[in-house]
1. Go through segment 271-283 and report how many residues are in a strand (DSSP E or B) and either open to solvent by 50 Å² or more (accessible area, probe 1.4 Å) or among the basic types (Lys, Arg) (or both).
2. From (1) open to solvent by 60 Å² or more (accessible area, probe 1.4 Å); (2) over 23 Å from the mean Cα position of the chain (by Cα), pick out the condition that doesn't hold for GLU157.
3. How many of the residues in segment 139-176 are farther than 26 Å from PHE228 by Cβ and polar (S, T, N, Q)?
4. Please work out which residue is farthest from ALA230 (Cα to Cα), limiting yourself to segment 253-269 and to residues that are in contact with a strand residue (DSSP E or B) (Cβ under 6 Å, 6 or more places away or on another chain) and open to solvent by 50 Å² or more (accessible area, probe 1.4 Å).
5. Within the group MET60, MET47, which residue is open to solvent by 10 Å² or more (accessible area, probe 1.4 Å), of a type in the set (A, V, I, L, M) and over 14 Å from ALA165 (Cβ atoms)?
6. Can you confirm whether GLY161 is in contact with a strand residue (DSSP E or B) (Cβ under 9 Å, 6 or more places away or on another chain) and in a helix (DSSP H, G or I)?
7. What do you reckon, is ARG295 among the charged types (D, E, K, R) and either modelled with pLDDT of 95 or more or on the phi > 0 side of the Ramachandran plot (or both)?
8. Tell me which residues, restricted to segment 179-192, are outside any strand (DSSP E or B) and surrounded by fewer than 16 Cβ atoms within 10 Å (Cβ to Cβ).
Amino acid sequence: MYPMRARYGVPLGIAAAGAAGLAYAAGFEVRSFRLRRVTVPVLPAGMRPLRVLQVSDIHMVSGQRKKQRWLQSLAGLRPDFVINTGDNLSDPEGVPETLDALGPLMEFPGAYVFGSNDYYGPKLRNPARYLLERASGRHGLNGNAPVVGAIHNPWEELRDGFDTAGWVNLTNTRGALKVAGYDIALTGLDDPHIKRDRYAEVTGGPREDADFSMAVVHAPYLRVLDAFTADRYPLILAGHTHGGQLCIPFYGALVTNCDIDPERVKGLSTHKAGGHRSYLHVSAGCGTNRYTPVRFACPPEATLLTLVPRD
């Protein structure tokens, strides 16, 4: 009797703890939506503070009512403008519910870029591949072979819905918003994770006649962050990483799903390139791939960024 306890007690305890952790990650935390608040000193002197709501990586699956209600409730924050950093879909049938969930937010000025999951449906994938890709330095189409047999999402319907609401499409282009009497210039890129970014089409740096300029991209690949920073954009917004999604308490993320370091996988940090420095905010997003609907030590989120004048 006693040898059996010594032999099986610890493995059974580990299995029980693992099962409890999985139940928490899939049953509670993945639906434990949070709002983070961040203050960023990037505005020119004399400008009043601006409140920017960033939503990212919604990964909408038809029927996710709690997520839809939470997104709708964010309109109560009354932001000055909204930035959507992509990966809205995880279901080809999810466009109507995504537009419905974001409907109240589309009453405010806004802009958007797309991520790979807006264009293509997700595929079942071994999570261990993310660790292997990190070790090998290959992520997405950056070093990996092209995807074969991908499901094409109806991204055009999503684009048309955003455009009809007046949100600015920043797909490898520049745009602008008039906010509280200020001219806010925006420069955006298509998703670097699938090599759709075309920086040559937007190069040149911030608009000199704008009150404030910022940069937007879905995946925070270093080549993009370097380019934006060298061009002197004071603020870059990105998503894609899910904050690591499955994190170790008191340690952090194991993977980022791109070449940014794990220390900057979510939240506010800085990036240096070309002798300049930019603030970078990476959203952990509020969804997951439909085939890995779990989060651990990394709750789903949106962020309200308050932009204030520089010191």
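1. Let us first name the residues in segment 271-283 that are in a strand (DSSP E or B), namely 271-273, 276-282.
Adding the requirement that they be either open to solvent by 50 Å² or more (accessible area, probe 1.4 Å) or among the basic types (Lys, Arg) (or both) leaves 272, 276-277.
Qualifying residue count, segment 271-283: 3.
2. (2)
3. 2
4. LYS266
5. Step by step, each of MET60, MET47 is checked, and only MET47 is open to solvent by 10 Å² or more (accessible area, probe 1.4 Å), of a type in the set (A, V, I, L, M) and over 14 Å from ALA165 (Cβ atoms).
6. On the way: in contact with a strand residue (DSSP E or B) (Cβ under 9 Å, 6 or more places away or on another chain): no; in a helix (DSSP H, G or I): yes.
So GLY161 does not fit the description; no.
7. Judged against the criteria, ARG295 is a match.
8. ALA180, GLY181
The values are calculated or read from the model by the stated rules, or taken from the named source; none is laboratory data. In this text the structure is predicted, and so the values were computed from the model without any measurement. Here the Cβ is made from the backbone with ideal geometry for all residues, glycine too, and neighbour counts use every protein chain on show. These accessible areas exclude ligands, DNA and RNA; they are computed on the full protein's heavy atoms, side chains included. Shrake-Rupley method; radii C 1.70, N 1.55, O 1.52, S 1.80 Å.
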